[in-house]
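What follows draws every value from the coordinates through simple rules; no lab data is involved. Here the structure is a predicted model, which means the values were calculated and not measured. Virtual Cβ from ideal backbone geometry, glycine too; neighbours counted across all protein chains shown.
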Amino acid sequence: MASRRPSRAALAMFADRPPRALVALILLGIANHSVLAGSRVAVALDALNMGASPFTVGVLMALYALLPMLLAVSAGRYCDRVGARRPMLVGCALIAAGASLPFLSRGMPALFASAALLGVGFMVFQVAAQNATGELGGDDRARSFSLLALGYSVSGFVGPLVAGLTIDHLGFAAAFALFALLPLLPLAVLARARLGLPGPHPAAVPRQRGAVLDLLRHPTLRRVFAINALLAVGWDLHTVFVPIYGARLGLSASEIGLVLSSFAAATFVIRFAMPYLARHFREEQVLTAALLVAGGVYLVFPFARSTALLLPLSFCLGLGLGSGQPMVMSLLHAHAPAGRMGEAAGVRMALVQSMAVAVPLLFGALGTSVGIGPVFWSVGATLTASGVLSRRR
């Protein structure tokens, strides 16, 4: 039997070895993002186990994004000034501290504090990592961001799955203890200062004083920010409401984790195919398709009432939403003013986190009052309409 040859997409992705620093950066990101993705599941299910309402769970999920929303632009400017390593160290330390709180102190106050620390810690790490990825990627930034996104897809799959299995077999305390230990490895690696991460950008010292509104006035950047915010709504809704919806259906923690992990598996698949998509479709076409696919899935999501139906729907949603971030980050690096890429990434992060604050609070209140179904339908209609409008334009 003839051996199977690698796909052209795979060859395009891995034909040239990425820089050693970029590979290390992706591995560190996988470790930290596994903690973030897993802790969201553990925090939500622990709160529901304590009798919290969907609105309370929404508040908890919003805390992951509240401080990042307020501090992301400042974090981006900080990365422009000092380089990537120092902010990444700060982020790892905050992630470790946040993950340890629910293990050290059981109860709702610890969950609230943990959500806030984990959110701001990963934001600081991610802004620095994205800025460094753009510089390490050279002229082929789309490939570099696709590799980074692939790493986050792996951690997005592993984190919820590990959280669900650990909770079912060992309990909530063991899950939080495991997530508290994981960020210590990236912290130790970064402390040795041997990765050769990018330093301060020459054009950012002294820093050009341009208002954030200057970035929002840029036509291409404005469109990219807007589409990214819409995709973030779809992403956050899945992260926040699948645990609530699954708990109402009587699914176990492992089943809920499996549904969330199927979403992450789909993001891995679609991001692996990004080189092929980038060669055959424009960025605008890919982003429009992401809106349409996500909107369609949410319109039918409330009709799925078993794990067997939720798994393929979650996978299809991951295919749609997973294609967005690499295209968005590539466009940002291509169009951001010189010396202000960290700030542009911070603006994007702030907008995304503002959606992550609004979605749990607004839709958590809506889910408490009228049920989960209208939440999915309203977001599905919004994403679908935005995709149609984007296609027409």
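Kindly put Ile244, Ile30, Ile95 in sequence by how many other C-beta atoms sit within 10 Å of each C-beta, fewest to most. Don't skip to the answer; put the middle values down first.
Numbers: Ile244 27, Ile30 21, Ile95 31.
The most exposed by this proxy come first: Ile30, Ile244, Ile95.
Amide H to amide H, which residues 5 or more places from Gly83 or on other chains are under 5 Å from it, using H placed in the peptide plane?
His201
Relative contact order (percent) for the chain, with alpha-carbon contacts under 8 angstrom and 6 or more residues of separation? It would help to have the intermediate numbers written out before the result.
Working: 673 pairs, mean separation 112.5, N = 393.
It comes to 29 percent, rounded to a whole number.
Per residue of the chain, what 222 nm ellipticity follows from adding -39500 (n - 2.57) for every DSSP H run with n ≥ 4, rounded to the nearest 500? Mind showing how you got there, number by number?
Working: 17 runs with 324 residues, N = 393.
Rounded to the nearest 500, the figure is -28000 deg cm²/dmol.
Given (1) 20.9; (2) 24.4; (3) 22.1 as candidate values of Kirkwood radius over Cα pairs in Å, which corresponds to the one derived from the coordinates?
Among (1) 20.9; (2) 24.4; (3) 22.1, the one derived from this structure is (1).
Residue by residue through region 116-121, what is 3J(HN,Hα) from phi via Karplus (6.51 cos²θ - 1.76 cosθ + 1.60, θ = phi - 60°)? Round to whole Hz and write x for glycine and proline.
The phi angles translate into 5, 5, 4, x, 6, x Hz.
Output wanted: per-residue J couplings in Hz (rounded whole) for region 31-43, from phi through Karplus 6.51 cos²θ - 1.76 cosθ + 1.60, θ = phi - 60°, x for Gly and Pro.
Each residue's phi maps through the Karplus curve to give 4, 6, 6, 4, 5, 4, 5, x, 5, 4, 5, 5, 5 Hz.
Residue by residue through region 256-267, which ³J(HN,Hα) values in whole Hz follow from phi under the Karplus form 6.51 cos²θ - 1.76 cosθ + 1.60 (θ = phi - 60°), with glycine and proline marked x?
Couplings: 5, x, 5, 4, 5, 5, 5, 4, 5, 4, 5, 5 Hz.
Please compute P(r) over all alpha-carbon pairs of region 22-143, binned at 5 Å starting from zero, and give each bin as a whole-number percent.
Per 5 Å bin, starting at zero, the Cα-Cα P(r) for region 22-143 comes out as 2, 12, 21, 20, 17, 12, 8, 5, 2, 1, 0 percent.
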